[in-house]
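Presented below is the structure to which this report refers.
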Amino acid sequence: MSETVLRVGLAGIGTVGGGTWTVLNRNAEEIRRRAGRPIQITAVADLDASRVAAITGGKARAVADAMLLARDPEIDVVVELIGGYGFAKDFVLAAIEHGKHVVTANKALLATHGNEIFAAAQRRGVTVAFEAAVAGGIPIIKALREGLTANRIEWIAGIINGTTNFILSEMRDKGLPFNDVLKEAQRLGYAEADPTFDVEGVDAAHKATIMSAIAFGTPMQFEHAHIEGISTLQAKDIAYAEQLGYRIKLLGITKRHPEGVELRVHPTLISSKKLIANVEGAMNAVWVKGDAVGHTMYYGKGAGAEPTASAVIADLVDVARTLTADPHNRVPHLAFQPDQMAALPVVPIEKIQSSYYLRLRVKDQPGVLADITRALAESQISIEAFFQREPDEGVEETDVVLITHLCQEQKMRNAISRIEALATVLTQAVMLRMETFA
Ligand code: HSE
């Protein structure tokens, strides 16, 4: 067994970097036995020198500028934990150019610039590994790319953002509005001071984009993803959905479609009997349907120091094992050989098929329901479930809630336009998609 140390340059020693340092050191001996050589962080770049010193105790060289790691001939692999797609992109491309393997947790970078980065890595014969970029500690990249490689993947649906899952769980448990729960989540450290990427579904869309590319052998197509977050979701819809036997989760979904692939993130009604509907709090879960294996589901922590470090270190071990392998015989970055990628377009959201939840605020008077159901019938949309809330005393308006059978989204949108034009329908309809996973 070769005992040549794999020399790692760590760029960013915040939460995940600190966890990576801790776990690599704590489990050094087991990791060495698995990797076939010791893996050692020999240099760390972070703007906060005191943090580097506090975590490493001076056992790794500290540098202020990460670019020094990218160019350092004494480093074999860099771990990019800088985040964002500005400097992080320059850093990753520079490291590749200097022949270094790269391990990154940066989903935003890969979803938006992955095509360029993987092409550069391919040319240079280096690996860019990114297990930590999707669902933190859950080894979903490995599962999709290797474990399920025999399958034609049919669809993937995941709770891939812990912040929003925590917020939705709290809204349901406590019946509280989004803003109150968000503030509490920020106080507890579950949500960032600027929660936009999480609550507006962007982070989940980055992760869904990466999974879609691996599942279907397409380039990254983040710019075509349909993205809706949870910031406008009302507690009353969570409660009505529950009365009908559903929970609302922010799902990242990618599916085969006759005209390409679907790639979308939005709040989704799921039968409360389904396993994924019962994934609560900040936990993540990814459900994959393959033609041979059937249904598989992966559950675990999607963030946090050591869960994410678990994925970063798994990638480092992969790099250590394939250091001397011919680049053409390594596992391809996106599961399919680079010259075998498919140009499957992301289909516009109007073309998807879904069931829909509708909530309408209506005048409580004769003929209202007939008008609504007529508008749906004329768009060939069939109703599956329906209820009208008893009006509050002294108020002559109420909520009508219904769930439709499967239909094309364009038909649903047309029907909603007609319904909203009715004089008895008082506000904009609330429309949510529902997945049956049939
Ligand atoms: N902010 C993410 C989440 C974790 O809430 O799940 C990192 O991607």
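Rank P327, P366, P345 by mean-square fluctuation in a GNM of the chain with C-alpha springs under 10 angstrom and give only the top-ranked residue.
P366
Quick check for you: which residues of the stretch 1-44 have the amide N under 16 Å from the point 7 Å beyond the Cα of L68 toward its beta carbon?
In the stretch 1-44, the label zone of L68 (backbone N under 16 Å from the point 7 Å along Cα→Cβ) covers 8-13, 42-44.
Excluding same-chain residues fewer than 8 positions from K255, which lysines have a Cα within less than 26 Å of its Cα?
Partners within reach: K107, K142, K207, K273, K274, K289, K301, K351, K411.
In the stretch 230-272, which GluC sites (Glu not before Pro) are in a loop and have at most 12 other Cβ atoms within 10 Å, using DSSP for the loop call?
E259
Out of residues 5 or more away from V79 or on other chains, whose amide H comes under 5 Å of its own, with H placed 1.01 Å from N in the peptide plane?
Under 5 Å from the amide H of V79: G9, L10, A11, V103.
Give, in nm to one decimal, the length gained when the segment between H224 and R256 is fully stretched (0.36 nm per residue of separation minus the Cα-Cα distance).
10.0 nm
How fast does the chain diffuse by Stokes-Einstein, in µm²/s, taking the Kirkwood radius from C-alpha pairs at 10 °C and 1.306 mPa s?
Diffusion coefficient, whole number: 68 µm²/s.
Treating only the Cβ of Lys, Arg, Asp and Glu as charged (+1, +1, -1, -1), what charge dipole size does the stretch 140-301 show about its Cα centre? Round to the nearest 20 debye.
540 debye
Work out from phi, with θ = phi - 60° and the Karplus expression 6.51 cos²θ - 1.76 cosθ + 1.60, the ³J(HN,Hα) of each residue of the stretch 199-209, listed in order in whole Hz, and give x for Gly and Pro.
6, 8, x, 5, 4, 5, 5, 4, 5, 5, 4
From the helices alone, meaning DSSP H stretches of at least four residues, give me the mean residue ellipticity at 222 nm for the chain, per-run term -39500 (n - 2.57), in deg cm²/dmol to the nearest 500.
Only helices count here, giving -10500 deg cm²/dmol.
Under 15 Å from the Cα of K89, which aspartates and glutamates turn up, not counting those fewer than eight places away in the same chain?
Output for K89: D65, E80, E97, E116.
Determine ³J(HN,Hα), in whole Hz, for all residues of the stretch 303-314 in sequence, where each value follows from phi through the Karplus function 6.51 cos²θ - 1.76 cosθ + 1.60 and θ = phi - 60°; x replaces Gly and Pro.
7, x, 4, 7, x, 6, 4, 4, 6, 4, 6, 4
Can you give me the Cα centroid spacing of the stretch 146-189 and the stretch 373-432 in angstrom?
27 Å
Under the 0.36 nm per residue contour assumption, what length would be gained going from the current alpha-carbon distance of R152 and T324 to full extension?
Additional length available on full extension: 58.8 nm.
Estimate the FRET efficiency between N115 and K351 by the formula 1/(1 + (r/R0)^6), using the beta-carbon distance for r and 25 Å for R0, to the nearest 0.05.
So, using R0 = 25 Å, E works out to roughly 0.55.
Rounded to two decimals, what is Rg over Rh for the stretch 140-301 when you use alpha-carbon atoms and the Kirkwood radius?
For the stretch 140-301, the value is 0.98.
Restricting attention to the stretch 238-300, which trypsin sites (Lys or Arg not before Pro) occupy a DSSP loop and are surrounded by at most 12 other Cβ atoms within 10 Å?
K273
Pick from D315, D46, D371: which is most flexible by mean-square fluctuation in a GNM of the chain where alpha carbon atoms under 10 Å apart are linked?
Checking each option, the largest mean-square fluctuation is seen for D371.
With a cut-off of at most 16 other beta carbons within 10 Å, and DSSP calling the residue loop, which trypsin sites (Lys or Arg not before Pro) in the stretch 1-97 qualify? Please list them.
K59
Could you work out which residue, out of G137, G217, G245, moves most in a Gaussian network model of the chain, that is, has the largest mean-square fluctuation with Cα springs under 10 Å?
Largest GNM mean-square fluctuation: G245.
Run the numbers on the chain and let me know its relative contact order in percent, using alpha-carbon pairs under 8 Å that are six or more apart.
In percent, rounded to a whole number, it is 16.
Sorted from fewest to most neighbouring beta carbons within 10 Å, what does the list L422, L168 look like?
Fewest to most other Cβ atoms nearby, the residues stand as L422, L168.
With r defined as the distance between the Cβ atoms of D194 and R418 and R0 fixed at 25 Å, what FRET efficiency is calculated, to the nearest 0.05?
0.05
Along the stretch 287-297, what does the Karplus equation 6.51 cos²θ - 1.76 cosθ + 1.60 (θ = phi - 60°) give for ³J(HN,Hα), rounded to whole Hz, x for Gly and Pro?
10, 10, 10, x, 5, 8, 7, x, 8, 10, 9
For S382 and K273, what does the FRET efficiency come to when R0 = 22 Å and r is the distance between their Cβ atoms, rounded to the nearest 0.05?
0.50
For Cα pairs less than 8 Å apart in space and 6+ apart in sequence, what is the mean separation divided by the residue count of the stretch 140-301, i.e. the relative contact order in percent?
Reported as a whole number, the value is 34 percent.
Ranking V395, V8, V331, V102 by Cβ neighbours within 10 Å, fewest first, what do you get?
Ascending number of Cβ neighbours within 10 Å: V395, V331, V102, V8.
Which order results if H98, H328, H266 are arranged by neighbouring Cβ count within 10 Å, fewest first?
Fewest to most other Cβ atoms nearby, the residues stand as H328, H98, H266.
Readers should treat all values here as calculations from the given coordinates under stated rules, not as data from a laboratory. These numbers were taken from a predicted model, which means no experiment stands behind them. Note that we place each Cβ from the backbone using ideal geometry, even for glycine, and neighbour counts take in every protein chain shown.
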